[in-house]
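Below: one structure, written as structure tokens.
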Ligand code: C2E
Ligand code: MG
Ligand code: MG
Ligand code: MG
């Protein structure tokens, strides 16, 4: 049969593109199935008070337990989930799951949830959060949401309204990855944040990079002056911990204390009857 019209030949001329598009479609379908099949799970990383070393709460971090690929990190699927809008139902699941889990923990512990800019802009986010709080019975003051600067770039009035609604409920709002995005100081002045999370890229430099240390020092002072707390992300060494403490950051997170772990493991290690006596000052600075 003649192929003079070229139909049916198309795919042979763009093998690379075709493959990429196909694997993307495959991943997209996998993601949708994964959500339906309950393949997502939350791991929790302890947040430690710089003063005294007690745990103040945990950050919920999503993982995808893929049947063929093992445990998939969020950076490998969140961007696609955002692009195709699937981040909205995934993010709603995250909020409900994190609230339900935290409601089993002692009352002084908070849970922090990352909210994508795409999800943040969805009308009805406040209602989803209110619903998750009601269903779990979690005190709103124990919930923190983490947003990045990208949320603030669009629809400032809408963003401001949502942030005020959440804070009126008692929910705390943290700016995540501070210093890596657009980081306009105007944002700190215009938007009501309770907490600044100082990005790991600065924290990892505090031991041997004078600029990183200056930035951490300045951000901690700025936050203090504006009545906000600070969390240093990605503390991996005792020296980093001690520097961070000396600069007056309020809280720390990082592999030095614990990696993110499944809820049952968190409860066994940090919240069980056997772990409880060891908890105070467990992570205290030297
Ligand atoms: P993030 O919110 O800034 O979370 C901190 C990331 O640093 C986590 O990576 C955490 O596992 C990692 N980390 C913590 N301590 C250390 C350390 O000492 N050293 C190093 N090298 N890394 C450390 P993870 O879990 O892979 O998450 C990456 C990003 O994915 C998060 O950054 C957040 O932006 C996003 N993400 C995670 N879970 C969710 C979620 O449920 N919803 C949304 N929308 N985004 C999420
Ligand atoms: Mg975060
Ligand atoms: Mg962060
Ligand atoms: Mg980050």
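Every read-out reported here was derived from the displayed coordinates using simple, explicitly stated rules and does not represent laboratory data. Only a predicted model underlies this, so the values are computations on that prediction, with no experimental measurement involved. A quick note on method: Cβ atoms are made from the backbone with ideal geometry, for glycine too, and the neighbour counts reach across all protein chains shown.
Computed values, structure above
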| quantity | calculated |
| --- | --- |
| FRET efficiency for residue 84 and residue 239, using Cβ-Cβ distance with R0 set to 45 Å, rounded to 0.05 | 0.55 |
| Gain in span if fully extended, residue 104 to residue 126, counting 0.36 nm per residue against the direct Cα distance | 5.7 nm |
| Cα centroid separation - region 169-243 against region 46-121, whole Å | 20 Å |
| Cα gyration tensor category, rounded, prolate or oblate, for region 190-261 with a/c compared to 1.5 | oblate |
| Three-way shape call for region 63-139 based on the alpha-carbon gyration tensor, with the a/c threshold at 1.5 | oblate |
| Global geometry of region 134-262, whether rounded, prolate or oblate, following the gyration tensor of its Cα atoms and the 1.5 cut on a/c | oblate |
| Helix 125-136 vs. the chain, principal-axis angle (Cα, 0 to 90°, nearest 10) | 60 degrees |
| Net length gained if the chain between residue 201 and residue 24 were fully extended (0.36 nm per residue, minus Cα distance) | 60.7 nm |
| Helical mean residue ellipticity (222 nm; -39500 (n - 2.57) per DSSP H run of 4+; nearest 500) of the chain | -12000 deg cm²/dmol |
| Estimated FRET transfer efficiency when R0 is 41 angstrom, pair residue 269-residue 218 (beta carbons, to 0.05) | 0.70 |
| Beta bridge orientation in the chain: antiparallel %, DSSP, nearest 5 | 45 percent |
| Stretchable slack from residue 54 to residue 134, in nm (0.36 nm times residue separation minus alpha-carbon distance) | 26.0 nm |
| Tilt relative to the chain, helix 15-36 - C-alpha long axis, 0 to 90 degrees, to 10 | 60 degrees |
| Exposure proxy order (Cβ contacts within 10 Å, fewest to most) of 82, 144 | 82, 144 |
| Mean Cβ count within 10 Å, highest first, over the residues of peptides 153-160, 164-171, 237-244, 109-116 | 109-116, 237-244, 164-171, 153-160 |
